[in-house]
Every structure is written in C-alpha cells, then in structure tokens.
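Comments concern the structure below.
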Amino acid sequence: MNTNPSAHAAPPSAGRRYAILAILSLATLLLAIDMTVLHLAVPSLVEDVEPSATQLLWIADIYGFALGGLLITMGNLGDRIGRKKLLLSGAVAFGLASAVTAFADEPGLLIAARALLGVAGATIMPSAAAILRNVFTERKERSTAIGIWSAMSASGFAFGPVVGGVLLENYWWGSVFLINLPIMLIVIVAGVVLIPESRNPHAGRIDLLSVVLSFVGIIGLIYGIKEIAHNGIESLDALAGLAVGLVAMGWFVRRQTRLAEPMMDLKLFRSRVFSGAVATNVVTVFGMIALSLVLAQYLQLVLGWSPLVAGIAGIPGGLSAGLTAPFAARIATAWGRGKTVALGLGLLAVSLVLYVRIDLDPNYLTLLPAMVIGGAGMGLGFAITNDIVLSSVPKERSGAAVSIVETATEMGGALGIAVLGSVMNAAYADNLEVPAGVPAEAAVPIREQIGTAFAVAEQLPGELGEAVRHAAKVAFVDGAHVTTLTSAAIVAVFALVAAVSLRGKFVTVEEEDEEVPVPVPAR
C-alpha cells in the first residue's frame, strides 16, 4: 500500500508552486543570514555574557558542529516522516532557539541555544531542497526554481553583515537573533497552508547505529580540521578528533554497504556526474572561504571600515551571485552543464587572482570587479550542481541525497578555513617585518595574525604602536595575495575536473523512466 501523501494528489498549481518556492527561499535566506551575524555580535556579547575563551569558541563552533553532524540523519528522517512535518518542526525549533539565544544571560545557556539552532538548521536545509524536488516535477521549471532558491542563499551571505550591522548600531546584540522570530512565523503559517506533504513510502526504519556513527564521524572530522586551523597539525586534540572521525566514518560507510535501507546510498557516487557535482560544491565553498577570510579582515582591519560599512561594501558580490543563479539553467541548456559549471569555477578563479590588486590604498573600485566576477561564478556553480544532485535521484530519496551534498559542503567550509587560514597565517608571518624596538615577548603575538598584532600595538607607545600596525597591514596584504592565488590555482584545477566529469548529456531520473523500452507484441 502506498502511504505517500502526495502519491495520488494533483500537482500544485503554478501560482502555488512559486508561493512554496518563496517560503522555502525565505527560510534558506534566514539560515544564510544567521550564519554571518554572530561574529559581528561577538564584541558586545562578550561584554554582556562574559564567557571564557573556551566558552566563546564553543559559542562560535557548536552551531556548525550540530548542523554538520545531523544533516545526513535529518535528510533521511524527512524522507521517512515527511519533509513538510520536519521543515515546520525545525522552523518552530529555530524560532524558539533564536529567542533563547537572544535573551541568554550566561554562557552555558547560550551554548545550548546555539546547539539547538544547529539542530533546527539541519532539519530545514535538506527538507527545503527535497520539497522543491517534489513540487517542481518538470525538469526545466525545476532547474529555474533551484536557481532562484540558490540565489536566495547566496544573497543571504551578502546581506547578513548589513542586517547585523544595522541592528547592532541601534539595538543590543540579541536583536540579531530575535529578528528570526517574525520571519520563521511567516514560514510556519504559510507552510502549513501551502506546502504539500511528501515522503518516501518505501523507506525502512532509520538505523540508530548509523545515526550515531555519522554524527560522531562528521563532528570528529570537523573538530579535527578546525583544531588544525587554530593550533596546527601537531595539536593532539586535532589528531584525536581526526582519528575518531575517520574510524567512525569508516565504520559508517562499511555499515551502509550491508543495510537494505542505508542512510547514505553509496551507489550514487558511482555516477561521475553526481560525484562531480558534490566535488564542485566543496571546491566552490573552499573558494568562498578564501574570499571571506581576505575581504572581511582587509576591509575592517587594513582599511579601518566599520562592520556595517564593510557589509555594505560586500553587497555587490552577493547580488551578482543572486542575479546570476536564476539564469544558470538557461546557460546550461545552451552550453551544457559541464561547461557551465566550469565557467562558474573559472570566474571564481579569475576573481581570486584579481585580489592581488589590493593594497593599503582604500580604492573600492579595485575590489568591485573581483567581487562581482566571483559572485557570478559562485551563483552559476551552486545553481547547476544543486540541480544535478536533485535530478539524479528519485524524488522519494531526495532528502537523503541532498543531505550528502550539504554535509560535504560543511566539510569543504571547515577544510577551507583550516587550509587557507594556515596559508594566510604562514604567509603573514613570513612577510612580517617587526619594527625595531618591539620587546621580544611582544614579537611572538605580533607574528601570529593581524588581529593579535593590533591588540599588542594598543599596549605600545604611540609611534611604535603605529609602526606595528603598519607592518601588520603590509604583511596581511602580502599574505592575502598568497592565499588568494593558492585558492585560485586549486579552483582552476577543479574547473577542468568539472568540465570533464560533468560533460555529455545529463539524463535525469524522469528521462531515464521515459527511455525504458516498451515491448512490442509479436505479430
């Protein structure tokens, strides 16, 4: 018996489909904004809540740990209990956690609330994508819808700092989380009315051991990678985290091959197109991390712009991604998906190369072409690869499939921070010339990074402190050039990989079904 609620229901009308797209885009936009505002709130948050250094790290990291560790589980859970049910439950939890976060008055409560935000985010991301896959069943229309949805996510990363900056200039730090409530209320009310329920009618029970193994494995890997970024490869905590993560993920993968209903369908990776799409998303995020590492610190520390002004300055990049993504499907129809994704990665690589033009002169026109070109590249890449992934699997298994991509993307972000952060810090230290007269004990933190150099400069006499700040700015700009060129080389290589792995005609699941030969009766 088919228990899928949408199995025999009439497809939603065109107006309703695009209203659903608006709801899902709004939820995705909010998640993207929420990921960018915390670092803006940290200074006033530290003053009010007074966390220790360790607690502050957990406040910053626990959201990503919970989100990344649970994406695979939540994608499978939505396929089983219903994507609408999981999405709306997650929206309610996200709203409640936002309220607790906003009014938290002690570090433990704030850490717990941020963890709940991560859990809620893990329910929303794969559910939204899976609902799109089930609502937009016609291939060309789905490609356009996924492009629009991807554009909203890109725009959220651009507007997050602006929204956060405006709120922090007028209200207390909790306002950057409290604003989530009315938006999630709209998502919940409209979602109840408009979104149809869908699930996989043939899915079995979730394997609890696989849930534990995937959670421990992913968190172990992300934690280990982040520890490398903070303390270097020799860190025992980093090595322990990586060891636990690798063992747990190895066990998880082995277990999936023996389950009748695996949480991760490893057969998907036999597809050159699916694997290429996942790899492209990882590399695109890797390139995004390079841009964020350089741009945020350059605008605020080197040029001395406020967080709000720096956020406004970054809008063209997000707008470029948002405006390009909806047209990705048309470009792919004309050129093919492989060439389109390769074009996106190529544009991102060109953008990263253009950042070698930055110097101590606050010339915004130097930055503008790099931001716009990079945004366009990211918009093309994400829109097409998301479409490929969702079109590669039957709609009944869309939640599980998209959770693989989202998890890989989280890993790509962590890897980007670790690798490119290490490159940045090493290049900064190599290019730093500590001014004469700086005490030996002060030279060590000055060599760590530009932020600690500025903190030390505040404690030094006027001219000496200014000399340290200038030396740190020069070293940072030199390090930024090395970092962006390194990232550009990696992205360019994967542009070639994408052109090869995604080449040829891409056949969707629907087209495969259409091409099944019909027996002709013998005469």
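The values are calculated or read from the model by the stated rules, or taken from the named source; none is laboratory data. This one's a predicted model, so the numbers in the text were calculated from it and none came from an experiment. Note that we place each Cβ from the backbone using ideal geometry, even for glycine, and neighbour counts take in every protein chain shown. Surface areas here come from the heavy atoms of the whole protein model, side chains and all, with no ligands, DNA or RNA. Shrake-Rupley method; radii C 1.70, N 1.55, O 1.52, S 1.80 Å.
Tabulated data
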| item | result |
| --- | --- |
| Cα gyration tensor shape for the stretch 357-438, rounded if a/c is under 1.5, else prolate or oblate | oblate |
| The chain - mean residue ellipticity at 222 nm from DSSP helices (-39,500 (n - 2.57) per run, n ≥ 4, rounded to 500) | -27000 deg cm²/dmol |
| q = 0.09, 0.10 Å⁻¹: log10 I(q)/I(0) that the Debye formula gives for the chain, counting C-alpha atoms only | -0.64, -0.80 |
| Efficiency of FRET between S52 and Q300 - r from beta-carbon atoms, R0 22 angstrom, step 0.05 | 0.35 |
| At R0 = 25 Å, FRET efficiency that the Cβ-Cβ distance of L266 and K140 yields, to 0.05 | 0.25 |
| Gain on full stretching of the segment that runs from A60 to A455 - 0.36 nm per residue minus C-alpha separation | 140.1 nm |
| Exposed-site-free run, longest, the chain (rule: GluC sites (Glu not before Pro); DSSP loop; at most 11 other C-beta within 10 Å) | 1-233 |
| Separation of the L246 and A426 label points, Cα + 7 Å toward Cβ, nm | 1.9 |
| Greater than 26 Å apart at Cα, pairs in K85/K226; K84/K226; K84/K339; K140/K395 | K85/K226; K84/K226; K84/K339 |
| A190-T366 pseudo-label distance in nm [points 7 Å out on the Cα-to-Cβ vector] | 4.2 |
| Gain upon complete extension [I81, A99; 0.36 nm per residue less C-alpha separation] | 3.8 nm |
| Stretchable slack from V356 to S44, in nm (0.36 nm times residue separation minus alpha-carbon distance) | 109.0 nm |
| When the stretch 400-466 is reduced to its Cα atoms, the Kirkwood hydrodynamic radius in Å | 14.2 |
| Accessible surface, 1.4 Å probe, highest first, among residues H481, H202 | H202, H481 |
| Percentage relative contact order, the chain, counting C-alpha pairs under 8 Å, at least six apart | 20 |
| Accessible area of L268 in the full protein assembly, 1.4 Å probe (Å², nearest 10) | 20 |
| Estimated FRET transfer efficiency (E234, A443; beta-carbon r; R0 25 Å; 0.05) | 0.70 |
| Among 106-112, 75-81, 413-419, the order from most to least packed when residues are scored by Cβ within 10 Å on average | 75-81, 413-419, 106-112 |
| Cα gyration tensor category, rounded, prolate or oblate, for the stretch 1-160 with a/c compared to 1.5 | prolate |
| Hull shadow area, averaged, the stretch 317-406 [alpha-carbon convex hull, nm²] | 6.8 |
